[in-house]
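J.: Let me begin by handing over the structure; questions about it come next.
The values are calculated or read from the model by the stated rules, or taken from the named source; none is laboratory data. These numbers come from a predicted model, not from an experiment. Cβ: placed from backbone, ideal geometry, glycine included. Neighbour counts: every protein chain shown. Remember, those area values only see protein heavy atoms, side chains included, never the ligands or the DNA or RNA. Shrake-Rupley method; radii C 1.70, N 1.55, O 1.52, S 1.80 Å.
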Amino acid sequence: MFRSAPAAAVRRALVPLLLCCALLVGATGCGGDDGDPASPTGTSSAERQKFAKTRFVTNAGLAAGATYQWIVKPYRDGRFKAGADGRRFALVKAGIAGAFSYNRLRAALRNAQGDAALARAVAPLTAGVEALKDLPSKLRKGESTEAVVGSFDDTINSVKEAGRSAGVEVTNQVPSTGQLTKG
């Protein structure tokens with residue numbers, strides 16, 4: 001009996017020590033290299049490339065839909081002409097749609113970088129999209145509407161053609177008012 005008492009004492013001391021070591025090893029194994037275990041990891045480059053064409057088509061389609069619905073169509077209907085009924089409202093909507101289209105076109109160009117064929121096809125369009133940057137404010141003010149509408153229409157058609165040459169079809173998707181105002 002004398003021997004069982006020290007064995008029980010050793011077990012009682014050893015069990016908590018092993019549990020502490022197991023918890024310590026487990027806790028250090030769960031943490032990230034940066035010490036912040038809750039930080040998001042993002043998507044891998046393979047996942048970005050996998051969805052590059054889909055994201056490109058979506059963003060370019062929204063830009064094309066907004067451009068047609070609130071810039072090209074009202075222009076063709078004569079709503080931007082001086083004295084036209086609802087001219088001011090049509091110009092404000094066109095300015096908002098222009099800013100939205102510019103934003104979505106820039107996103108589409110970023111998306112295209114995930115696919116080699118799309119990247120080559122849209123590379124020449126970067127300057128044309130950047131040229132649209134100041135045009136929404138001109139639309140809102142009603143300045144040189146014919147040139148502004150032409151610039152948007154030409155750029156959208158170029159993006160559609162670049163997508164088609166890379167094997168993806170861009171179709172107009174008219175954004176909701178909520179999407180339009182959120183950008």
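J.: Among all residue pairs at least 6 apart or on different chains, which show Cβ distances below 6 Å where the first residue, located in the stretch 161-173, is closer than 15 Å to L105 by Cα and the second is open to solvent by 70 Å² or more (accessible area, probe 1.4 Å)?
T.: N172/Y68
J.: Still on this model: Filter the stretch 127-154 down to the residues that are more than 14 Å from A99 (Cα to Cα), in contact with a helix residue (DSSP H, G or I) (Cβ under 6 Å, 6 or more places away or on another chain) and surrounded by 18 or more Cβ atoms within 10 Å (Cβ to Cβ) and list them by number.
T.: G142
J.: For the list (1) within 15 Å of G65 (Cα to Cα); (2) open to solvent by less than 80 Å² (accessible area, probe 1.4 Å), I need the number of the one condition that A166 fails.
T.: With respect to (1) within 15 Å of G65 (Cα to Cα); (2) open to solvent by less than 80 Å² (accessible area, probe 1.4 Å), A166 is out only on (1).
J.: Okay, next question. Is one or more of the residues making up the stretch 80-87 open to solvent by 70 Å² or more (accessible area, probe 1.4 Å), closer than 17 Å to G65 by Cβ and modelled with pLDDT of 90 or more?
T.: No, the stretch 80-87 has no match at all.
J.: Separate question: Please go through the stretch 65-103 and give me each residue that is aromatic (F, W, Y), assigned to a helix (DSSP H, G or I) and in contact (Cβ under 8 Å) with a residue 12 or more places away in the chain, ordered by number.
T.: Y68, W70, Y75, F100, Y102
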